[in-house]
Every structure is written in structure tokens, then in C-alpha cells.
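Here the structure comes first, spelled out in C-alpha cells, and everything after it is commentary.
The values are calculated or read from the model by the stated rules, or taken from the named source; none is laboratory data. Since the model is a prediction, treat every value here as computed from it, not as a measurement. A quick note on method: Cβ atoms are made from the backbone with ideal geometry, for glycine too, and the neighbour counts reach across all protein chains shown.
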Amino acid sequence: MTVLQNNNEAIVKRLTKQSFHTNKKKNRLMISLIASVVCVLTVFFLVTVGMIQSRKNLVTGSEQFTFRSIDETIADKLREIPDIAWVGEYTTVGTVKTDDTVLEISYRSEALYGGGNYRTRGDWKLEGKIPRRENEIAVMPSYLKHIGITPKIGGMAALDLGDGIMRNYRITGFLSTKADTGNHYVADVSKTTAQTLMKTNRFIVNADVGLKNADSYSMESAAQMANELAAEFSVPPINIGINSFYFYTMDKNWIKISTGLTWAAF
């Protein structure tokens with residue numbers, strides 16, 4: 001009996017020792033697996049948050065709605081409304097086409113330039129100054145190079161901007177974007193230059209409208225305000241544009257859902 005008891009004790013000790021080492025390896029593996037999952041989850045969450053913030057940065061400062069093809073006098077009246085923070089006018093003046101290039105010429109009011117960026121034109125940037133006077137222009141330097149003119153802010157460029165008349169324009173700034181525009185170029189001119197090129201005194205523009213305390217508006221309440229103003233100033237409903245991308249991006253519920261789905265995926 002004593003010999004058998006001693007043998008059992010030895011076996012139990014050996015099995016216990018083996019079990020301890022086995023569980024230790026399993027525990028290490030489990031801890032490593034949990035750590036990996038937490039790490040991946042954290043990275044995925046941070047990427048999602050970064051994407052949300054990037055979208056918010058893209059629309060911050062942009063318009064809530066637009067009135068298209070209105071008389072500039074209506075834009076002036078919109079600026080007088082207390083709930084409106086800013087009104088930015090823009091219009092396409094024309095295009096100049098050659099065999100291998102297209103130059104798009106536009107007018108944009110100062111409200112559409114914010115900190116060297118266009119409020120409503122993606123990642124476009126302005127280096128230099130806004131064209132304000134007759135025969136001033138901001139243009140892509142790549143266009144000037146393409147037609148054989150050395151790009152220089154403050155310099156002069158002899159250009160025909162579509163009306164068949166070669167004029168000397170002072171270069172006030174350079175326009176640039178990260179996107180590859182190929183042989184499609186962009187230039188902005190002053191209001192007086194735009195009127196000269198368009199041969200009109202009655203200026204028809206598109207008006208981007210930025211609201212005060214824009215974060216407090218839903219898409220529905222902004223649309224209601226736009227419709228009421230349109231009715232007041234006789235703007236046809238078809239000429240109203242609501243910036244749905246802005247409201248979807250800034251929607252707190254959308255942000256919560258996006259973030260929640262990230263966690264739910266794990």
C-alpha cells in the first residue's frame with residue numbers, strides 16, 4: 001500500500017506540473033491573441049475617426065444652400081439678413097479652347113476665398129492675392145508655362161480670354177490643386193473684368209449661402225429657410241440647391257452610427 005501511494009503521488013505531481021506548463025502556454029497565447037485584437041480594433045477605430053474628421057474638415061466653412069442663376073442684387077439682399085453669415089457669388093465667365101488646352105475662366109467673390117482656400121472647391125488653393133481690379137487675374141502657373149509665359153505673381157501676361165481681344169493682365173495669384181487636371185486649366189478674374197468679357201451690366205451669378213450657427217441647422221430646417229427666402233426674392237424652386245453632403249457629414253447621428261459600426265464589426 002505504501003509503495004502504491006508513493007507511485008500515485010508521483011503521477012499526480014507529474015500531471016499537475018504538465019498541466020501547469022500547458023495552461024501557462026495557453027494563457028500566453030490567449031493574452032497575445034487578445035492584445036492583437038485590441039491593437040487591430042484600436043487602429044481601425046482611429047482610422048475611422050480620422051476619416052470622419054477629414055470629411056468634417058472638408059465641409060467646415062462651406063455653404064448650406066445655393067441660389068443658382070440669380071441677379072447680383074438678390075445676393076446683396078441676402079447679405080442683409082441677420083441669420084446669414086456670408087454670401088459668396090460665382091459665375092463661369094467662359095472658356096478658351098485651343099487644340100490641346102481648355103482654360104476655364106470664372107469670377108468668384110471674396111467670400112469664397114477663405115485663408116487661401118476656396119470654400120466650395122475641394123482642395124484648390126490660392127497663393128497670392130484675389131483679383132479685384134480691372135485686368136487682374138489669378139491663374140494656374142502651369143497654364144502660363146504651357147503658353148510660354150514665365151509665371152510670376154505681380155507680373156504681366158498678354159492673354160485673350162475669349163472675346164478675341166489681347167489684353168495685358170496683372171497676375172495677382174496662383175491657383176493650384178493636388179488633382180491632375182491634365183490640359184484643363186483654371187483662371188479667376190475680377191468682377192469688372194468678368195463684366196467686360198461677358199459684355200453685360202446685368203450680372204447673373206450663383207450665390208452660396210453660409211448660415212450663422214450652421215451646426216444648429218438640420219438639412220430640413222436649412223431647406224425650409226432657403227425655400228422661404230426663394231419665395232421672398234422670386235427665385236424659382238428649381239434654382240435652389242441644398243448642400244446635402246455638408247449635412248450628412250456634420251450629422252451627429254451619422255458620426256455615432258459610423259463609430260458604432262466600427263466597434264460592432266469586432
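Quick look at the numbers
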quantity	calculated
Any chance A179 is of a type in the set (A, V, I, L, M), part of a loop (DSSP other than H, G, I, E, B) and in the same structural domain as A75 (by TED's automatic domain parsing)	yes
Selection count, region 151-185, where residues are β-branched (V, I, T) and either touching a helix residue (DSSP H, G or I) at 6+ places or on another chain (Cβ under 7 Å) or at pLDDT 95 or above (or both)	3
Considering residues of region 136-168 that are in contact with a Ser or Thr (Cβ under 8 Å, 6 or more places away or on another chain) and part of a strand (DSSP E or B) only, the residue farthest from S106 (Cα to Cα)	E136
Checklist (1) within 27 Å of T101 (Cβ to Cβ); (2) surrounded by 14 or more Cβ atoms within 10 Å (Cβ to Cβ); (3) not hydroxyl-bearing (S, T, Y) applied to D208, failing item	(1)
Of all residues making up region 132-191, the number that are touching a residue at least 60 places away in the same chain (Cβ under 8 Å) and on the phi > 0 side of the Ramachandran plot	1
Single unsatisfied condition, T193 versus (1) buried (at least 19 other Cβ atoms within 10 Å of the Cβ); (2) not in a helix (DSSP H, G or I)	(2)
Pairs, first assigned by TED's automatic domain parsing to the domain that holds M140 and under 11 Å from A207 (Cβ atoms) in region 105-123, second at pLDDT 70 or above and among the basic types (K, R), C-beta under 6 Å, six or more apart	none
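Conditions tested, residue by residue: (1) of a type in the set (A, V, I, L, M); (2) crowded, with 19+ Cβ neighbours inside 10 Å; (3) within 18 Å of Y118 (Cβ to Cβ).
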{"residue": "R132", "(1), (2), (3)": "no, no, yes"}
{"residue": "I147", "(1), (2), (3)": "yes, no, no"}
{"residue": "N168", "(1), (2), (3)": "no, no, no"}
{"residue": "S176", "(1), (2), (3)": "no, no, yes"}
{"residue": "Y185", "(1), (2), (3)": "no, yes, yes"}
